[in-house]
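Take a look at the structure set out below.
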Amino acid sequence: RAKGSGRSSVGLFDLDLSRQRARRHAVSVELRGALDRGALHLQYQPIQTLREGHLLAAEALARWHSPLLGRVGPDEFIPVAEETGQILQLGEWVLNQAVQQAAAWRRAGRRVQVSVNVSPLQFLHSDFAQVTRAALDAAGLPPDLLQLEITESAVMRDVHRTRHQCEQLRALGVQLALDDFGTGHSSLATLHTLDFHVLKLDRAFVWGLEGDPRREALLRSVVTLAQSLSMDIVAEGIETAAQRRLLIDLGCRLGQGYHLARPLDVPDFERTFLNRA
Ligand code: C2E
Ligand code: MG
Ligand code: MG
Ligand code: MG
């Protein structure tokens, strides 16, 4: 991180940059073949109704344990994979894995929608709708049990292509969610024409809420806007009972966060959320 204060020396700055570059390189080299070695897996974090705690969906989150580097988080390896193009293969693996999981739950009599993060390169790739369709077909999953999450900043990179892709995916019958909303500077007009089903409110938004009346007012208007566009809102990163309470009071129905449940390995997820009588 070269943007901290006290980094006035050019030498230090260069050293920082080259360390960063070396780390990125190591990550990309290790990531190559990680899929084949079975070093990646998915955790699932519940998306629930805030009031009753009903399970609605599960967000699939990629986890990677490298023998050489140890645990590397998706915030680090996804951007590297995006830069090297590895994301196409990785993203397709995640998608297939999650869709198969939802199909398995469905066969077991549980209706759980899976929500899959899609990176910009993957999403804007011309055959993404076909890849998605192939994944659904292979698993025999009804399309409405799949939700795709695209970040707001990815959308803003290429609104035109995004609109085209959204239309194709909508036609398939999958749900579309705008992830990290509130961080990517999308305009209301853009939001309106893109026609997402769900708006995921970034946790930065949620964390700033308590004791900030202007934020509260802003959130209230976002909720109203979403309602008028027939979108659902999911609040991300809820860590306290107070945040949950406040979100309910502001008219937010759905949420996700450590206060409700952490991302879980499949057996833990099933034990906690699917095996209840
Ligand atoms: P995201 O899609 O916004 O996912 C939510 C992130 O917030 C996850 O981090 C989750 O573990 C974390 N989180 C959930 N509740 C809380 C909370 O109450 N407090 C805090 N502090 N954090 C919470 P994670 O798993 O580290 O993933 C980070 C990001 O990496 C994701 O952000 C997503 O953008 C990306 N990502 C993860 N898996 C994939 C994937 O399979 N494909 C792609 N393209 N991106 C992925
Ligand atoms: Mg997400
Ligand atoms: Mg998010
Ligand atoms: Mg995020």
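Residues that are hydrophobic (A, V, I, L, M, F, W, C), within 16 Å of ligand 2 (Cβ to nearest atom) and within 16 Å of Pro120 (Cα to Cα) within region 137-168 comprise Leu148, Ile150, Ala154, Val155, listed in sequence order.
Filter region 110-121 for residues that are without any contact (Cβ under 8 Å) to a residue 40 or more places away in the chain and more than 15 Å from the chain's Cα centre (by Cα) and give the result. Steps first, please.
Narrowing region 110-121 to residues without any contact (Cβ under 8 Å) to a residue 40 or more places away in the chain: 111, 118, 120-121.
Matches in region 110-121: Arg111 only.
Would you list the helices (runs of 4 or more DSSP H) that sit entirely within region 201-277 and hold 2 or more residues that are of a type in the set (Lys, Arg) and open to solvent by 20 Å² or more (accessible area, probe 1.4 Å)?
Numbers: elements: 203-207, 213-228, 241-249, 266-269.
It comes to 213-228, 241-249.
Restricting attention to region 138-157, the residues being open to solvent by 30 Å² or more (accessible area, probe 1.4 Å) and either more than 14 Å from ligand 1 (Cβ to nearest atom) or among the basic types (Lys, Arg) (or both) number 7. In the set (1) of a type in the set (D, E, K, R); (2) within 10 Å of ligand 1 (Cβ to nearest atom); (3) in contact with a Phe, Trp or Tyr (Cβ under 9 Å, 6 or more places away or on another chain), Arg110 fails one condition alone, (2).
You will find that of Arg107, Arg133, Arg71, the residue that is more than 16 Å from ligand 4 (Cβ to nearest atom), within 20 Å of the chain's Cα centre (by Cα) and free of Cβ contacts under 8 Å to residues at least 12 places away in the same chain is Arg71 and no other. In region 59-70 there is no residue that is away from ligand 1 (no atom under 16 Å from the Cβ), over 17 Å from Leu264 (Cα atoms) and modelled with pLDDT of 95 or more. Of the set (1) at pLDDT 90 or above; (2) within 22 Å of Ala177 (Cβ to Cβ), all apply to Leu225 but (1). Of all residues in region 187-200, those being under 15 Å from Glu149 (Cα atoms) and assigned to a helix (DSSP H, G or I) number 2.
Being more than 16 Å from ligand 3 (Cβ to nearest atom) and closer than 22 Å to Ala62 by Cα narrows it down to one residue among Thr162, Thr132; which is it?
Details: Thr162 fails: closer than 22 Å to Ala62 by Cα.
None of the others qualify; the one that does is Thr132.
Residues that are within 16 Å of ligand 2 (Cβ to nearest atom) and open to solvent by less than 30 Å² (accessible area, probe 1.4 Å) number at least 3 in the following strands (runs of 3 or more DSSP E) confined to region 33-130: 40-49, 55-66, 113-118.
The values are calculated or read from the model by the stated rules, or taken from the named source; none is laboratory data. In this text, all values refer to a predicted model and were calculated from it rather than measured experimentally. Note that each Cβ is placed from the backbone with ideal geometry, even for glycine, and that neighbours are counted across all protein chains shown. The protein model used for the area step is the full one, side chains on, heavy atoms only, and it has no ligands, DNA or RNA in it. Shrake-Rupley method; radii C 1.70, N 1.55, O 1.52, S 1.80 Å.
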